[in-house]
Amino acid sequence: MLAAHKDSEYLTQTELLQRTGWTRTILKKLDFQPDFVKNHYLYGKSCKVKLFSLKRIEAKEKTSEFIENKYDVQKKKDRARRAVQTKIRNILQKITTLPINVKRVEKVTLLALKSYNDWNEQRMASYVTLAEASEAFLARISVNYIRHNLTKYGENIEKICGKTGKVLAYDLERYIVLSEIARVYPEFTEECQRQYWQKSLSLELPRLA
């Protein structure tokens, strides 16, 4: 039993697990036990804190047993990382093959305004007339209407929901859809650019044409 100790000479289990090569599995496999456990009070409650001697940790890290386990852990991490990267590449490739099918319709802004007002009516919100609406507002709701009603955007998003790499995939799908909307509806190119760059989080992509 240690009568006294310096905190700088010991690491908590959390601190130990932050060191390269240490995992809970290795702790258990090597049966690496704490030097002692002390009571710690937090917000008026007592909890147990495991403390490990830094000298003993450093000595263990030099053993062949630890080095072999560390190497095995790193190989597993590398395999897992490569598997994730493969899944991300696959889902991004899949996104590029999904159909968009942007439909060109007449008076799309009027359709968008009607849809917007129908939605507001369900929420007991205010009604917006064509005369009082700004050009920026009409462009925004028009692009939103096209994206959700005149493309395959919603269907494509459902196909990648919950998949590894979905954040990148959402970003790429949004870029592809808005690019196609800007091509079919060139009058909304500026709004398509604004919507993409406003919400783009992950991909470095060229500006919409």
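Coordinate-derived values only; no laboratory data. Please read all numbers here as calculations on a predicted model, not as lab measurements. Don't worry about glycine lacking a Cβ; one is built from the backbone with ideal geometry, like all the others, and counts go over all protein chains shown.
A few notes on this one:
- Estimated FRET transfer efficiency (Met124, Asn144; beta-carbon r; R0 22 Å; 0.05): 0.60
- D (Stokes-Einstein, µm²/s), Kirkwood Cα radius, the chain, 1.002 mPa s at 20 °C: 95
- For the set Lys94/Lys152; Lys48/Lys77; Lys114/Lys152, the pairs lying more than 24 angstrom apart at their alpha carbons are Lys48/Lys77.
- Computed on the Cα atoms alone, the convex hull of the range 119-183 gives a volume of 117 cubic angstrom per residue.
- Estimated [θ] at 222 nm from DSSP helical runs (n ≥ 4, -39500 (n - 2.57)) normalised by residues in the chain, nearest 500: -18500 deg cm²/dmol
- For Lys55, a cut-off of 15 angstrom between C-alpha atoms picks up these aspartates and glutamates, skipping any fewer than 8 places away in its own chain: Asp7, Glu9, Glu15, Asp35.
- Across Lys29/Lys166; Lys107/Lys159; Lys60/Lys87; Lys70/Lys163; Lys76/Lys163, pairs whose alpha-carbon gap is larger than 28 Å: Lys29/Lys166; Lys107/Lys159; Lys60/Lys87; Lys70/Lys163
- Net length available on complete extension from Lys48 to Lys103 is 13.4 nm, with 0.36 nm assigned per residue and the Cα-Cα distance removed.
- Only Lys, Arg (+1) and Asp, Glu (-1) charged, at Cβ; the chain dipole about Cα centre in debye: 1040
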